[in-house]
Amino acid sequence: MSRRKKSHQSHGTPQRPRFWGKHAVAAALDNPRRKVLRAWTTREAATFMQFPSDVAVTMAEVTDLARLVPHDAPHQGVVIEVEPLEEVWLDELVGADERRLLLVLDQVTDPHNVGAILRSAAAFGAAGIVTQDRHSPPESGVVAKAASGALERVPWARVVNLARALDEISEAGFWRIGLTGDADTDLREALGSPRVALVLGAEGAGLRPNTRDHCDALARLPISDAIESLNVSNAGAVALYAASIA
């Protein structure tokens, strides 16, 4: 039992997550808000990584690095241990930024999907993402790798009550559009407000009834009958593109 616990902790914890891969690590090192605690690297990777002088760097072989991350994780010769970023408050996110796009995730728990959504949010200039703190993944190497640097750039607000947060988002002037395949309206018809919050539900379950009730409109993506639905991260990317050009 003690070996299993040690093996699990060796991959990092929510309080001290480990990131891997060149893009995720480089972005973390470039972020002045990110505290890097330790680093492990091959000599080859060390030549292009700018580690802060106060960070303990351990030279390691590829096989050694593989033991520091989950099985088959593409570490690309570099792993770092970090502190999570400081908490982002919702009122700061919706009140201080003039950018008009916001993403709200209703119990999207897969870290690959959240990371991919962060990447799309960065690509289309979204103000940030909002999740429910107890039903979303913590910062982790999986999220950071899927985000490809966007975890360091896109503000991420975690809230206790998503319905209450949606009320606050509305009060800040956002038009809240819930994406769901059973809606009668296409997304392009629901757009038009200068500030838009796109609300996406979890894989399979979709938007919860109470979340739907706190949206100003429900809309679907105009996909063909060849496929029933899109993965939530793909749907988020398509919706962000549509909203960014509306």
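No value in this document is a laboratory result; all are computed from the given coordinates. These numbers come from a predicted model, not from an experiment. Positions of Cβ are backbone-derived with ideal geometry, glycine not excepted, and every protein chain shown enters the neighbour counts.
Once the convex hull of the C-alpha atoms of segment 2-82 is built, how many Å³ does it hold per residue, rounded to a whole number? Kindly include the intermediate steps, with their values, before the conclusion.
Numbers: hull volume 7.6 nm³, N = 81.
Hull volume normalised by residue count: 94 Å³.
What ranking, highest mean first, results for peptides 230-239, 43-52, 136-145 when packing means the other Cβ atoms within 10 Å averaged over each residue?
Working: 230-239: 20.2, 43-52: 12.8, 136-145: 22.5.
The peptides rank, most packed first, as 136-145, 230-239, 43-52.
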Size of electric dipole in the chain: Cβ of Lys, Arg +1 and of Asp, Glu -1, about Cα centre, debye, nearest 20
980
On C-alpha positions alone, give me the angle between the axis of helix 111-123 and the longest principal axis of the chain, in degrees, nearest 10.
70
Under 5 Å between amide hydrogens, which residues at least 5 positions from Val199 or on another chain qualify, with H placed 1.01 Å from N in the peptide plane?
Val104, Ile177, Gly178, Leu179
The answer for Lys35, listing residues at least 5 apart or on another chain whose modeled amide H is closer than 5 Å to its amide H, is Glu83
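Net charge near Arg134: determine it from the other residues with C-beta under 13 Å of the C-beta of Arg134, scoring Lys and Arg +1 and Asp and Glu -1.
Details: positive: Arg158; negative: Asp106, Asp133.
Combined, the nearby Lys, Arg, Asp and Glu give -1.
Quick one: net charge of Trp175's neighbours, Cβ under 9 Å, K/R +1, D/E -1? Display every interim value, and only then the final one.
Details: positive: Arg176, Arg195; negative: Asp216.
For residues surrounding Trp175, the net value is +1.
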Is it possible to state the helix-based mean residue ellipticity at 222 nm for the chain, with each DSSP H run of 4+ residues giving -39500 (n - 2.57), the sum divided by total residues, to the nearest 500 deg cm²/dmol? What is it?
-9000 deg cm²/dmol
Which residue, Asp91, Asp72, Asp186, has the most motion in a Gaussian network model of the chain that connects Cα atoms within less than 10 Å?
Asp72
For the chain, whose charge dipole is built from +1 on Lys and Arg Cβ atoms and -1 on Asp and Glu Cβ atoms, the candidate among Ala46, Pro138, Gly21 with its Cα farthest towards the positive end is Ala46
To the nearest 20 debye, segment 195-239 has a Cα-centred charge dipole, built from +1 on Lys and Arg Cβ and -1 on Asp and Glu Cβ, of 160
In sequence order, what are the phi-derived ³J(HN,Hα) couplings for segment 139-153 according to the Karplus relation 6.51 cos²θ - 1.76 cosθ + 1.60 with θ = phi - 60°, rounded to whole Hz, with x for glycine and proline?
4, 7, x, 5, 4, 4, 5, 5, 6, 6, x, 6, 4, 7, 10
Compute the signed sum of charges (Lys and Arg +1, Asp and Glu -1) over the other residues within less than 12 Å, Cβ to Cβ, of Val57.
0
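Based on DSSP, what percent of beta bridges with both residues in segment 2-82 are antiparallel, to the nearest 5?
Details: 9 of 13 bridges.
Percentage antiparallel, nearest 5: 70.
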Residues whose placed amide H lies under 5 Å from that of Arg16, excluding near-sequence neighbours:
none
Convex hull volume per residue in cubic angstrom - Cα atoms of segment 90-245:
102
Please turn the phi angles of segment 234-246 into ³J(HN,Hα) values with the Karplus equation 6.51 cos²θ - 1.76 cosθ + 1.60 (θ = phi - 60°), one per residue in order, whole Hz, x for glycine and proline.
5, 4, x, 5, 5, 5, 4, 4, 4, 5, 6, 9, 5
